[in-house]
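Take a look at the structure set out below.
The values are calculated or read from the model by the stated rules, or taken from the named source; none is laboratory data. Nothing here was measured: the structure is a model prediction, and the numbers come from that model. Don't worry about glycine lacking a Cβ; one is built from the backbone with ideal geometry, like all the others, and counts go over all protein chains shown. Just so you know, the surface numbers come from the protein's heavy atoms only, side chains and all, with ligands and any DNA or RNA stripped out. Shrake-Rupley method; radii C 1.70, N 1.55, O 1.52, S 1.80 Å.
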Amino acid sequence: MEKSNGLQVILFPLPLQGCINPMIQLAKILHSRGFSITVIHTCFNAPRASSHPFFKLLQIPDGLSEIETRSHDVNLMLTLLNERCESPFRDCLTKLLQAPDSETERKKQMISCLIHDSGWTFTEPLAKSLNLPRLVLNATKASFFRGHFALPQLHRERHLPLQDSEQEDPVREFPPLRKKDVYRLLDEESEVLDAYLNRIYDATKSSSGLIFMSCEELDQESLTQTRQDFQIPVFAIGPSHTRFPASSSSLLAPDETCIPWLDKQEDRSVIYVSFGSLVTISESELLEIAWGLSNSDQPFLWVVRVGMVNGIKWIEAIPEEVMEMLNKNGKIVKWAPQQEVLKHQAIGGYLTHNGWNSTVESVCEGVPMICLPFIWDQFLNARFVCDIWRVGLHLENRIERNEIEGTIRILFLEAKGEVIRERIELLKEKVGTSVKQNGSAYQCLESLVDHIFHLSSN
Ligand code: UDP
């Protein structure tokens, strides 16, 4: 940490892996700039205190039952969290700001602002009543954040089944999605979505600034449009994990045996397979992927989370003879040190769900992707990877052994794969430049730090 600057920032992440990682990265960045950091977090998916010795962690009750924490309906979970955390959060924040014994502490370490995930929608009146400036961090790509406010309208218009001839049509309100993407995206969403999105919109518009883990090189048009739409400062501070490499914010223990296993593989020969922290698949999809990987003859490292396959505990549905074949050429783990894995010279491709963190981590390491999006912003990220940046191949939801085998072969063995590899190297360079001194993300981070100082002095 730089010498303390006498200012404290309070952070409030959503308790999902893909939201915790960027918030903790931001915490580390601000801490390195001399801010002291307080993280208010729920009991559910709480960060490990031992991993963050320099932060003050304050836990609030979230009221989720054991069954609710295991729900796969993320929208429902976010709705419940917003309902049940409002009052505990109010108590915690009020205590932090107003407790008499903290008065001297407060003078020593003035609380300059609250930075919360855009998914928390109840913070506005509270922060206002406490006269506390509030910034919003959104963990998706800026183009998804901006476009997803069109979902309620698209939801209302989606009353007819999609004709085959319309599948590939572009969606004007939400580029570069195609109609079939929006239909799949909306299939996943429950009715509570419309009101929730309105609340996110209002809470963002009334904030003192919006932060994205993106950069002009990945999001230029959307960033310009978001600045116009919201009329608040927007900071695209870049892929933050490049500043603080190893992720200490992992909720699951990564299986470190991946790395010595990768050390034994040839350069750029391994396909890494992971669908992040939320996606679930069926037993038959598990088997199709297993066969596809095995038939491709390419070495693979495959993350199957416990509970990721509906109805079974882990991978026991894979028949023994298939397991024998898989073990010859690959390794299956329950959770990987992903950033280290993607950095490894043995990795030559990533079969991914295209969560925003994973997509950016892959771009930053120049690893071309095979895209298999399942939910939410993953559809948009996959379109960017395949249609706009052209640094990956899209499986178009064909979770079928021959498709998987064929696509892996194209990526690793054919000229088309080589061209994709060259393109992602160029993109990697551009994004890398953005976080270096005077790059666009670097400058945005400087502006963010200045902005927080400025908020404190008002
Ligand atoms: N991740 C990891 N090990 C794994 C799988 C994922 O450390 O085995 C990390 C990954 O590096 C990323 C985050 O978990 O930072 C997943 O976030 P993302 O936005 O990609 O997907 P989500 O989990 O939100 O669907």
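Structure values in brief
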read-out: Positions within the stretch 187-224 being of a type outside the set (Lys, Arg), surrounded by fewer than 16 Cβ atoms within 10 Å (Cβ to Cβ) and part of a helix (DSSP H, G or I), in sequence order; value: 187, 194, 195, 198, 202, 220, 221, 224
read-out: Residue identified as more than 18 Å from the chain's Cα centre (by Cα) and in contact (Cβ under 8 Å) with a residue 40 or more places away in the chain among 227, 243, 199; value: 199
read-out: Members of the stretch 276-318 found to be more than 15 Å from the ligand (Cβ to nearest atom) and without any contact (Cβ under 8 Å) to a residue 24 or more places away in the chain, listed by number; value: 284, 313, 316
read-out: Positions within the stretch 14-40 being touching a strand residue (DSSP E or B) at 6+ places or on another chain (Cβ under 7 Å) and open to solvent by less than 10 Å² (accessible area, probe 1.4 Å), in sequence order; value: 14, 15, 22, 23, 26, 27, 30, 35, 37, 38, 39, 40
read-out: Any hit, the stretch 405-413, residues being within 29 Å of residue 186 (Cβ to Cβ) and either away from the ligand (no atom under 12 Å from the Cβ) or touching a residue at least 40 places away in the same chain (Cβ under 8 Å) (or both); value: yes
read-out: Wholly enclosed helices (runs of 4 or more DSSP H) of the stretch 254-368 bearing at least 2 residues among the small types (Gly, Ala, Ser) and within 29 Å of residue 139 (Cβ to Cβ); value: 356-364
read-out: Pair list, Cβ under 6 Å, 6 or more apart: the stretch 253-264 residue within 12 Å of residue 332 (Cα to Cα), other residue assigned to a helix (DSSP H, G or I); value: 258/341
read-out: Residue list for the stretch 328-368, restricted to those being more than 11 Å from the ligand (Cβ to nearest atom), aliphatic (A, V, I, L, M) and in contact (Cβ under 8 Å) with a residue 40 or more places away in the chain; value: 346, 347, 351, 363, 367
read-out: Selection status of residue 81, within 16 Å of the ligand (Cβ to nearest atom), of a type outside the set (Phe, Trp, Tyr) and within 17 Å of the chain's Cα centre (by Cα); value: no
